[in-house]
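K.L.:
I have a structure I would like to understand better, so I am pasting it below and will then ask my questions one at a time.
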Amino acid sequence: MSTLSFPGKVVALSGGIGGAKLALGLDRVLAPGQLTVIVNTGDDFRHFGLHISPDIDTLLYTLSGLDDPVRGWGRRDETWTFMRAMGELGREGWFQLGDGDLAIHVERTRRLAAGETLSHVTDFLRRQLGIGSVIVPMSDDPVATQVETDEGRLDFQHYFVRRHCEPRVTGIDFAGADEARLAPGAAAALADPDLALIVICPSNPYLSVDPVLAVPGLRAALRAGRAPVVAVSPIIAGQAVKGPTAKMMTELGRVPSAAEVARHYAGLIDLFVVDEADAGMDAHMDAGAGVRTVAAPTLMRTLDDRMNLARIVLGLAGVRA
Ligand code: GDP
């Protein structure tokens with residue numbers, strides 16, 4: 001697989017599945033160590049006494065090739081004996097943990113209990129899985145995404161997995177974010193003098209990217225250096241490729257469109273990449289949003305699609321200079 005000669009380092013902000021698709025493309029076209037992915041940990045929670053970091057795990061599995069491309073989450077060739085045995089003990093099965101997947105949760109929980117930070121544990125795991133790109137949590141401190149709904153305030157996984165995103169969303173809160181400190185690896189990557197590009201992956205802006213942006217100092221760090229900030233739209237032709245992004249936008253009183261996502265990131269980004277299906281979007285933007293857009297094929301079905309979009313995004317690195 002061809003790596004690209006790209007002068008400098010790259011930081012990507014990512015949630016889970018949508019973000020990991022572009023992160024994989026970037027990982028494959030850049031050299032080992034060139035990419036640092038700062039990952040949302042607002043979805044983290046404890047289950048069966050284990051510390052689960054769903055978005056970090058999606059990155060770990062996707063970048064190591066261990067992901068299950070059919071199911072779309074977890075590990076490939078997974079078995080489910082543990083969940084069946086837990087069911088026999090009367091434990092609920094709404095959040096599935098595969099037998100192979102369990103290894104990561106057990107090891108992460110053990111190391112955290114022994115005093116390691118989530119950053120250290122994540123770095124250990126990505127090295128063990130042979131991943132050349134750096135993966136860092138947004139913070140080593142706990143931040144919990146909570147969703148205000150017509151059924152009351154729900155912890156993120158209760159909204160997302162247990163209730164299948166069915167409740168109507170009225171607001172989102174990131175508990176603990178105000179006190180959270182940016183993870184040292186995230187701060188260092190953003191302050192690196194060789195940093196040439198910051199990419200906001202096509203993740204859910206409200207549930208996956210906003211918690212990262214809510215960590216004090218992150219927004220300022222994005223704008224502090226000379227590296228341009230380029231975001232890729234997770235909305236194509238008014239629809240989410242997967243998940244509740246468009247549904248949530250409607251519930252929050254916004255029009256589900258790439259233009260609305262651009263407005264959400266206005267002031268933070270230098271350039272917004274929309275799908276070719278939204279190429280005429282500029283005409284629909286409020287004059288005040290003032291976000292420059294560029295159209296590209298952003299639907300990533302294959303590895304080639306992911307690498308192609310990565311190359312296009314890297315080609316935009318000159319926009320702020
Ligand atoms: P989650 O944390 O697992 O929900 O995943 P993310 O927040 O990272 O990604 C969810 C978003 O990814 C959704 O809004 C999807 O529309 C978007 N998405 C998924 N696949 C693609 C794709 O191939 N292209 C684009 N542009 N967006 C995608």
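K.L.:
If I model a spin label as a point 7 Å beyond the Cα along the Cα-Cβ vector, how far apart are those points for residue 165 and residue 95 in nm?
P.N.:
A separation of 1.8 nm, rounded to one decimal place.
K.L.:
What does the charge add up to near residue 54, with Lys and Arg as +1, Asp and Glu as -1, over the other residues with Cβ less than 10 Å from its Cβ?
P.N.:
Net local charge, residue 54 excluded: -4.
K.L.:
Same structure again: Contact order normalised by length for the chain, with contacts defined as Cα pairs under 8 Å and 6 or more residues apart; what percent is it?
P.N.:
Reported relative contact order: 20 percent.
K.L.:
Which order, highest average first, do 50-58, 93-101, 253-261 follow once you tally other Cβ atoms within 10 Å for each residue and take the mean per peptide?
P.N.:
The densest-packed peptide leads the list: 50-58, 253-261, 93-101.
K.L.:
Describe numerically, in nm with one decimal, the distance between label points set 7 Å from Cα along Cα→Cβ at residue 226 and at residue 114.
P.N.:
Modelled inter-label distance: 4.3 nm.
K.L.:
Over all distinct Cα pairs, what is the inverse of the mean 1/r for segment 206-321, reported as the Kirkwood hydrodynamic radius in Å?
P.N.:
14.9
K.L.:
In Å², what does the accessible area per residue of the chain work out to with a 1.4 Å probe?
P.N.:
Here the per-residue accessible area is 42 Å².
K.L.:
Within segment 35-54, find all residues whose amide N lies under 20 Å from a label point positioned 7 Å from the Cα of residue 85 along Cα-to-beta-carbon.
P.N.:
Inside the label zone: 47-52.
K.L.:
Kindly state, as a whole number, the per residue volume in cubic angstrom of the convex hull around the alpha carbon atoms of segment 10-152.
P.N.:
128
K.L.:
What number in nm² do you get for the chain if you take the convex hull of its Cα atoms and divide its surface by four?
P.N.:
That works out to 16.0 nm².
K.L.:
How many percent of the accessible area of segment 100-212 is carbon or sulfur, using a 1.4 Å probe?
P.N.:
Taking all protein chains in place, segment 100-212 shows 52 percent carbon and sulfur surface.
K.L.:
Right, here's the next one. What FRET efficiency do you get for residue 219 and residue 192 if R0 is 22 Å and r is their Cβ-Cβ distance, rounded to the nearest 0.05?
P.N.:
Given R0 = 22 Å and the Cβ-Cβ separation, E is 0.80.
The values are calculated or read from the model by the stated rules, or taken from the named source; none is laboratory data. Everything numeric here is computed off the predicted structure, so don't read it as measured data. Backbone-built Cβ (ideal geometry, glycine too); neighbour counts: all protein chains shown. For accessibility, only protein heavy atoms count, side chains too; no ligands or nucleic acids. Shrake-Rupley method; radii C 1.70, N 1.55, O 1.52, S 1.80 Å.
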